[in-house]
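The values are calculated or read from the model by the stated rules, or taken from the named source; none is laboratory data. This structure is a prediction, so every number in the text was calculated from the model and none was measured. Heads up, the Cβs are rebuilt from the backbone with ideal geometry, glycines too, and the neighbour counts pull from every protein chain shown.
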Ligand code: PLP
Ligand code: COI
């Protein structure tokens with residue numbers, strides 16, 4: 001077990017201020033009082049693990065991350081159960097994906113023990129920030145930047161790993177179904193690229209198509225495969241699933257270009273456990289437009305840590321739009337999966353998979 005030194009803030013947020021901040025936190029704008037930090041240097045390994053007051057970073061303007069973008073991150077949530085206990089959901093899967101992302105970006109690989117240790121040490125200090133309401137949670141954002149002072153293009157020899165914590169509500173404003181824009185020009189990832197890694201660069205390149213989505217009144221952008229612009233990959237910050245009229249659920253397969261979503265994987269396994277037919281197969285965008293129009297596809301939803309399961313009301317593209325179901329209300333299969341997943345994550349349902357990871361505070 002790694003020991004984290006703890007430096008408590010001298011200006012803690014008062015209980016009243018915290019309650020006000022957590023009343024309607026939305027997503028990603030409210031932060032707890034502390035952060036976890038671990039440093040790495042080639043030849044020395046991981047060192048200086050600590051919990052410190054949340055504060056700005058001081059980095060050299062020649063730091064490699066500012067020039068060549070070696071940055072990776074994760075996203076997971078801490079939940080408070082009805083009994084007040086705090087748990088994480090499949091954090092080992094996030095730790096493993098963080099290692100895979102580091103490998104693809106040629107960065108230092110953080111051992112799982114340190115990834116989990118940093119999160120738990122931070123939760124211990126900031127435990128009062130884990131919301132109790134069913135629709136809220138404490139979003140955890142582990143990330144790593146390269147931090148060598150050098151302008152040559154090469155793998156950096158120094159890294160900084162940090163965990164931030166942010167109480168959150170829903171990712172999307174409003175509770176209804178979201179409209180999604182189909183990006184027919186810009187793509188997200190090609191085979192052999194970084195699509196499967198959770199690196200900041202993937203999100204930087206998604207912002208222009210995401211703006212195109214916003215300009216067309218949509219909440220998310222849907223990307224197609226980079227080779228033919230024919231098959232559905234995923235959205236800017238979440239995976240996508242569809243429900244056929246026979247009740248089966250279908251999602252694009254993992255092929256190296258899409259993120260291996262932990263929510264996606266959990267829904268596939270949970271759905272099978274519930275007796276649903278869960279299918280991973282390529283979905284051509286034209287077929288989805290046709291099937292939604294004929295009623296062969298009745299529901300669509302986004303899935304991810306931030307999105308949880310968010311119903312999709314319609315797909316829009318230059319040539320027109322198509323609605324799923326009535327385009328407004330979440331369908332029955334979407335709701336059934338959402339309730340099952342949320343019940344499991346909050347410890348309200350039995351956990352046959354061993355996914356819920358209690359945190360001793
Ligand atoms: N796809 C992208 C591009 C994402 O950013 C995310 C969010 O993390 C997901 C999918 C869903 O992944 P997960 O379910 O592990 O949060
Ligand atoms: C997440 O769900 O954790 C994400 O990373 C999506 C987005 C907020 C970047």
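Checking residue 172 against (1) modelled with pLDDT of 95 or more; (2) within 21 Å of residue 198 (Cβ to Cβ), which single condition isn't satisfied?
(1)
Go through segment 20-36 and give me each residue that's in a loop (DSSP other than H, G, I, E, B), under 17 Å from residue 122 (Cα atoms) and away from ligand 2 (no atom under 16 Å from the Cβ).
Those that are in a loop (DSSP other than H, G, I, E, B), under 17 Å from residue 122 (Cα atoms) and away from ligand 2 (no atom under 16 Å from the Cβ): 32, 33.
Restricting attention to segment 70-104, which residues are more than 16 Å from ligand 2 (Cβ to nearest atom) and either modelled with pLDDT under 95 or not in a helix (DSSP H, G or I) (or both)?
70, 80, 81, 82, 83, 84, 85, 86, 87, listed by residue number.
Within segment 8-19, can you find the residues that are surrounded by 12 or more Cβ atoms within 10 Å (Cβ to Cβ) and outside any loop (DSSP other than H, G, I, E, B)?
Correct list: 18 only.
Within segment 49-92, can you find the residues that are in contact with a helix residue (DSSP H, G or I) (Cβ under 6 Å, 6 or more places away or on another chain) and surrounded by fewer than 18 Cβ atoms within 10 Å (Cβ to Cβ)?
Result: 69, single match.
Given (1) at pLDDT below 95; (2) in contact with a strand residue (DSSP E or B) (Cβ under 6 Å, 6 or more places away or on another chain), where does residue 222 come up short, assuming only one miss?
Residue 222 satisfies every listed condition except (1).
Kindly check whether there is at least one residue in segment 277-299 that is within 16 Å of ligand 1 (Cβ to nearest atom), in a loop (DSSP other than H, G, I, E, B) and more than 12 Å from residue 242 (Cβ to Cβ).
No, because not a single residue in segment 277-299 is within 16 Å of ligand 1 (Cβ to nearest atom), in a loop (DSSP other than H, G, I, E, B) and more than 12 Å from residue 242 (Cβ to Cβ).
Condition test on residue 256, is it part of a loop (DSSP other than H, G, I, E, B), within 22 Å of the chain's Cα centre (by Cα), in the same structural domain as residue 195 (by TED's automatic domain parsing) and within 16 Å of ligand 1 (Cβ to nearest atom)?
Yes.
Does any residue in segment 139-151 that is closer than 18 Å to residue 307 by Cα come within less than 7 Å, Cβ to Cβ, of a residue that is part of a strand (DSSP E or B) and near ligand 2 (Cβ under 10 Å from one of its atoms) six or more places away or on a different chain, and which pairs are these?
These pairs meet every condition: 139/77; 139/168; 140/76; 140/77; 141/73; 142/73.
Consider only pairs whose beta carbons are under 6 Å apart and that are at least six residues apart or on different chains; among these, list those whose first residue lies in segment 10-31 and is over 19 Å from residue 139 (Cβ atoms) and whose second residue is in a loop (DSSP other than H, G, I, E, B).
As it stands, the answer is 12/33, since those pairs meet every condition given.
Report, by residue number, each residue of segment 63-77 that is touching a residue at least 60 places away in the same chain (Cβ under 8 Å) and away from ligand 1 (no atom under 14 Å from the Cβ).
63, 64, 65, 67, 68, 69, 70
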